Protein chains: 2
Amino acid sequence: MVSRNRQESGKENLRQEIMDAARELFVAEGYASVSMRKIADKIGYSPTTIYLYFRDKSDLLHQICEQTFAHLAQNIKSIQQLSDNPLEKLRSGLREYVHFGLKNPSQYEIVFITPLPHQFESDFSESNGKVAFDTMRDVVTECVLDNLLKTKDVELISQTLWAGIHGITSILIKHEHFPFVERDKLIDNVIETLIAGTRA
Amino acid sequence: MVSRNRQESGKENLRQEIMDAARELFVAEGYASVSMRKIADKIGYSPTTIYLYFRDKSDLLHQICEQTFAHLAQNIKSIQQLSDNPLEKLRSGLREYVHFGLKNPSQYEIVFITPLPHQFESDFSESNGKVAFDTMRDVVTECVLDNLLKTKDVELISQTLWAGIHGITSILIKHEHFPFVERDKLIDNVIETLIAGTRA
DNA sequence: AAAATAAATTAACAGCGTTAAGTTATTTTG
DNA sequence: CAAAATAACTTAACGCTGTTAATTTATTTT
């Protein structure tokens, strides 16, 4: 079965090569502007080869998103571990969420903003985006246990915070032309407003 | 000049006819899935006729968005006039914004959520989007003048509040399957959290 | 070495946004 | 009232797009 392993690893290599090329192009030019032919050109294969590894264009993007969001969940966890203070953990997690979205706008767009084609109803509840959300909920629980927040409704607070950070992330991505105040100042203010409004 | 006026009003009628057909299709099937040919079919003209009234497909969408923005701005203004208390005006305005989005999810989606082509650069200073945002900023200014808020940076506060209400509106529209807590409770909590976090 | 299988390609389809040229209908002018 | 001018609209076409089916090339198994 050695030969079979070699074969499969070769397949996996090309699969990852396609994903890397596609991610670069999606980020640089936007999902809609990148054609399958462009991706194929970049890696020196014919366009139809991509269909041996991905069902269609949106599946390709979906797989890229899942990979990146697994990284996000890990990022948030790592950052939170740097502090012992539950409230500081919460703050750094929220900040990392927004930061991630702005660093990967195309991928954030597809997972949290644009609905995927109805062929596969792979929605938020099955994505790694939810894993990232769960890490935030865990920290909210810590805060509640320490009596740091105004209510003990962990779910209500978590969803409120998520709404807030999703809001700032998505409008910064979508409304590029809007005359925003200085970006980091706005992000800070959103996060501090959310935390202040949630505190005991 | 009577004949010329008749001619122009005919042109305006077809222009509005195109916009109505396009909005319906965009709402039902999404911007990307609707072709110029589909729109033309719906109104019984050839596809190229649309180009006599709109520069291109994104210009057509842009004009539709302007109409929706105007509608939203008027709604918020009307609701705010019902109260004298600045903080209550602010609260009712925020609530109306979310309410408008949930009552017109497809239109909200097109204007505020759906990712637009990169070339879609509009002059915000002359758009109705600015008009809608200004109605909220004016009430924030009232609150600041009454020393009700923690800072006097009207722009920063307004943009923070917009991020928050856009966040809850868009996730309620986009992630209908998500196990949210009771909807009105969540909306209330987001708005109260935002206001509490912004108050003096 | 032959057969089987996997991997990648070529050719093609139907549809897209958009432009240029041509046609029909309306209005203006002499 | 007819001719010229203009406005309104259509036809034909270009170069793209995502995707499928058939086919060729390369590798592995027998």
Please specify each residue of the stretch B:17-32 satisfying the condition of being within 14 Å of chain A (Cβ to nearest Cβ) and either within 11 Å of DNA strand D (Cβ to nearest atom) or without any contact (Cβ under 8 Å) to a residue 12 or more places away in the chain (or both). B:29, B:32
Here the residues within the stretch A:47-62 that are of a type in the set (A, V, I, L, M) and within 16 Å of DNA strand C (Cβ to nearest atom) are A:50, A:52, A:60
Qualifying positions in the stretch A:173-200 - out of contact with any Leu (no Cβ under 6 Å at 6 or more places or on another chain), among the aliphatic types (A, V, I, L, M) and modelled with pLDDT of 95 or more: A:186, A:187, A:190, A:195, A:196
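Could we say that residue A:82 is over 29 Å from residue A:58 (Cα atoms), out of contact with any strand residue (DSSP E or B) (no Cβ under 6 Å at 6 or more places or on another chain) and part of a loop (DSSP other than H, G, I, E, B) here?
yes
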Could you grab the pairs with beta carbons closer than 6 Å, sequence gap of 6+ or different chains, first residue in the stretch B:96-118 and of a type in the set (Asp, Glu), second one modelled with pLDDT of 80 or more and part of a helix (DSSP H, G or I)? B:96/B:75; B:96/B:76; B:96/B:79
With respect to residue A:59, determine if the residue is of a type in the set (Asp, Glu) and closer than 28 Å to residue A:125 by Cβ. yes
Pairs, please: C-beta under 6 Å, at least 6 apart or cross-chain, first residue without any contact (Cβ under 8 Å) to a residue 40 or more places away in the chain and in the stretch A:127-147, second surrounded by 15 or more Cβ atoms within 10 Å (Cβ to Cβ) and among the small types (Gly, Ala, Ser)? A:137/A:158
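Listed here are the residues, each with its yes/no results for (1) touching a Leu at 6+ places or on another chain (Cβ under 6 Å); (2) more than 16 Å from DNA strand C (Cβ to nearest atom); (3) not assigned by TED's automatic domain parsing to the domain that holds residue A:24.
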site	(1), (2), (3)
A:43	no, no, no
A:64	no, yes, yes
A:68	no, yes, yes
A:79	no, yes, yes
A:87	yes, yes, yes
A:98	no, yes, yes
A:101	no, yes, yes
A:111	no, yes, yes
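For every residue, the table says whether it meets (1) in contact with a His (Cβ under 9 Å, 6 or more places away or on another chain); (2) of a type in the set (D, E, K, R); (3) at pLDDT 95 or above.
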| residue | (1), (2), (3) |
| --- | --- |
| A:33 | yes, no, no |
| A:42 | no, yes, yes |
| A:50 | no, no, yes |
| A:64 | no, no, no |
Selection from the stretch B:33-52 of residues that are more than 8 Å from DNA strand D (Cβ to nearest atom) and surrounded by 14 or more Cβ atoms within 10 Å (Cβ to Cβ): B:34, B:36, B:38, B:39, B:41, B:42, B:43, B:50
Long-range neighbours under 7 Å by Cβ, at least six apart or interchain, first residue away from every other protein chain (no Cβ under 14 Å) within the stretch A:35-53, second near DNA strand C (Cβ under 6 Å from one of its atoms) and part of a helix (DSSP H, G or I): A:40/A:49; A:53/A:14
List the helices (runs of 4 or more DSSP H) that sit entirely inside the stretch A:99-200 and contain at least 3 residues that are over 26 Å from residue B:149 (Cα atoms) and either within 11 Å of chain B (Cβ to nearest Cβ) or not hydrophobic (A, V, I, L, M, F, W, C) (or both). A:105-108, A:128-145, A:154-174
With (1) under 12 Å from the mean Cα position of the chain (by Cα); (2) surrounded by 19 or more Cβ atoms within 10 Å (Cβ to Cβ) as the list, and residue B:66 as the residue in question, which single condition is left unmet? (2)
When you look at residue A:91, is it modelled with pLDDT of 95 or more, assigned by TED's automatic domain parsing to the domain that holds residue A:161, within 17 Å of the chain's Cα centre (by Cα) and assigned to a helix (DSSP H, G or I), yes or no? no
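The values are calculated or read from the model by the stated rules, or taken from the named source; none is laboratory data. Please read these numbers as outputs of a predicted model, since none were measured by experiment. Methodologically, a virtual Cβ is constructed for each residue, glycine included, from the backbone with ideal geometry; neighbour enumeration extends over all protein chains shown.
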